[in-house]
1. What residue, among those in segment 311-334 that are under 17 Å from Ile443 (Cα atoms) and of a type in the set (Val, Ile, Thr), is surrounded by the fewest Cβ atoms within 10 Å (Cβ to Cβ)?
2. Given the structure, is Leu76 of a type outside the set (Lys, Arg), more than 30 Å from Val476 (Cα to Cα) and open to solvent by 30 Å² or more (accessible area, probe 1.4 Å)?
3. Regarding Leu212, is this residue at pLDDT below 95 and either hydrophobic (A, V, I, L, M, F, W, C) or in a strand (DSSP E or B) (or both)?
4. Here are some residues: Asp277, Asp210, Asp198, Asp250. Which one is without any contact (Cβ under 8 Å) to a residue 40 or more places away in the chain and within 22 Å of the chain's Cα centre (by Cα)?
5. If Thr359 satisfies all but one of (1) modelled with pLDDT under 95; (2) β-branched (Val, Ile, Thr); (3) crowded, with 24+ Cβ neighbours inside 10 Å, what's the number of the condition it fails?
6. Condition check: small (Gly, Ala, Ser) and in contact with a His (Cβ under 6 Å, 6 or more places away or on another chain). Does Ser325 satisfy that?
7. Considering each of Ala478, Ala502, Ala493 in turn, give the residue that is at pLDDT below 90 and either in a helix (DSSP H, G or I) or closer than 30 Å to Pro241 by Cβ (or both).
Amino acid sequence: MSPADFIDPLQAGRQVERIRRLAFAGLLTLSVLLVRLFMIQVLEGDQFHRRASLQSSRVRQVLPERGEILDRNGDLLVGNQPGLRLRYFPDRGGDPDSTIEFIQANVPLAPADLPDLVRSVARTRPYRPETIIKRMSRDTLARISAHSFEHPELEIQTAPLRRYPHGPLAPHLFGYLGEVNDGELGERKHVGLFAPGDVIGKQGVELTYDLLLFGTKGVEKFRVDASGRVQELIEATPARPGWDLRLTLDLETQRAAEAAMEGLRGAVAAIDPENGDVLALVSHPDFDPELFIGGINHEDWRVLREDPGHPLIYRPLTGMYPPGSTYKPLTAWAAMEEGVITPDEEIYCPGQYRLGRRTFRCWRAGGHGKVDMRRALKESCDTYFYEVGRRLGIERLAQYGRLAGFGRKTGIDLENEKGGLVPDPAWKQRLGREPWQEGETIIAAIGQGSVLVTPLQLARFYAFIANGGHLVAPRVRAGFEHTDRPAVTEPVALPVSTVVPASDVWLDVIRDALEAVVHEPRGTGGWSRIRGIRVAGKTGTAQVVRQDKREEELAENLRDHAWFAAYAPADKARIAVAVVVENGGHGGDAAAPVARKVMEAYLR
């Protein structure tokens, strides 16, 4: 037996201890692994399953087809066309500079600010997709799709684009679409309904009725491989199109009004005197809505904003003008209601009116002689209404102005409407100006001075005269329709007309005089006559600045505004219209022919 056969008991004990320690460490490690495996597979299994699903699948929202816009007879006003856009997803990888180079090489007319946009999005909003190209052609689609493997950060999506079958018709009324911005996403009405990249209404009825026109978004879920390439469609929830919006607008009347205002600056507002249905709204100059399809570019937007004709202003609702002599029926109505004059009382007009040391002229230098109310309205005698306004006083004149709907918004279902101005001493005091002067009262009585109205307000006032004292609530919405749902005429409550305590006796006097304005000798509205139809109306000429020169000697932008307001047929009105031609001179020459064409188009 050799020495090697003898084992030191101490050394043997040490080896056994090491084995035990190694076994314990192995057992502990195995226990930890088993516990962690239990947690992963049982306790946190659902969470990891979702993460794995996200890495192997991709969810894409599908924007719905937007509801169409129709006129009162069902004729298409605004439709849809297929649209494609290119969106950038920074979190899918890809070097921003490589992305920029690829887009510039494959997308004709790529925006000049593309490099700044891509780098900014990649740096500040890496988990939020951004639309890079808002409108793409099919050729561009093919080029981008051919390189989808190299550029998974780029995705082509369908997006709603509008189609305007009648060209630049009523662009302010229809409005336009654009991608929702951060401010709009924060609005209460948008929370939970819209996401970055959604296309929503920005103006006009597109904005007012956006939630109904938009529809319901769909969802598509795709399986993708490790490189992000789409393998198959897993599931899909189809998008539901929006409601079609039927307007009160009459296409042929709108066309006639647009044509009549061609080459002029101003506005037309035409409504149904019985219920306030808007038949036509025109603002000239206007703009081409095609510019806004897919988003207007910076240069076109700059040109529109800097245009001296102000094509972006919606004059029927936001243009505020002195109404001139079209306001005289209001003064006449207020004076008769208050008993300060009777229709038969005559006032002498020598061509001017003295008030203290000031002299106020009548438009006819030689005067009208003795005139009663009927003749004063028919021939638009200023002197007569100076005296009537002095007797009435500004407080009562302002009171009746507000009763007739002036000085406040009509409540039409469009945004940004203005309320005009009915001046009185309290208004002037609020401005910190000197006390009210009697001369201001007589100027207000003929619709000059500080009195301001919108064309829509004036059309509503003439509807008020025609219908016997009902102040209708103008509206452009007639109802909604859907391909797979019943038509809805009134999905929400509409404002109703207000009954004003107006005497039919006095309104009859005014109605008779307004008919004489159009159809009798010396009436100022003869250019509005329609063969076979009796028209009632009133001309107006509103000064832009005080002037001592003749009209033709003034710069064009300082010349008088031309007004004509009317309704027809005179005995049972179906349309009330107000027309203003900026710097157009006399209402009978410039505005009355426009009103005639509008009324004739609707009544014929």
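The values are calculated or read from the model by the stated rules, or taken from the named source; none is laboratory data. This structure is a prediction, so every number in the text was calculated from the model and none was measured. Every residue, glycine as well, gets a Cβ built from its backbone with ideal geometry; the counts of neighbours run over all protein chains shown. Surface areas here come from the heavy atoms of the whole protein model, side chains and all, with no ligands, DNA or RNA. Shrake-Rupley method; radii C 1.70, N 1.55, O 1.52, S 1.80 Å.
1. Ranking the qualifying residues of segment 311-334, first place goes to Thr331.
2. For Leu76, the condition - of a type outside the set (Lys, Arg), more than 30 Å from Val476 (Cα to Cα) and open to solvent by 30 Å² or more (accessible area, probe 1.4 Å) - is not met.
3. Considered against the rule, which asks whether it is at pLDDT below 95 and either hydrophobic (A, V, I, L, M, F, W, C) or in a strand (DSSP E or B) (or both), Leu212 comes out as yes.
4. Asp210
5. Every listed condition holds for Thr359 apart from (3).
6. no
7. Criteria check complete, one pass: Ala493.
Conditions (1) touching a Pro at 6+ places or on another chain (Cβ under 8 Å); (2) at pLDDT 90 or above; (3) within 24 Å of Val579 (Cβ to Cβ), marked per residue:
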| residue | (1), (2), (3) |
| --- | --- |
| Leu281 | yes, yes, yes |
| Asp286 | yes, yes, yes |
| Ile293 | no, no, no |
| Trp301 | no, no, no |
| Asp307 | yes, yes, yes |
| Tyr314 | no, yes, yes |
| Thr318 | no, yes, yes |
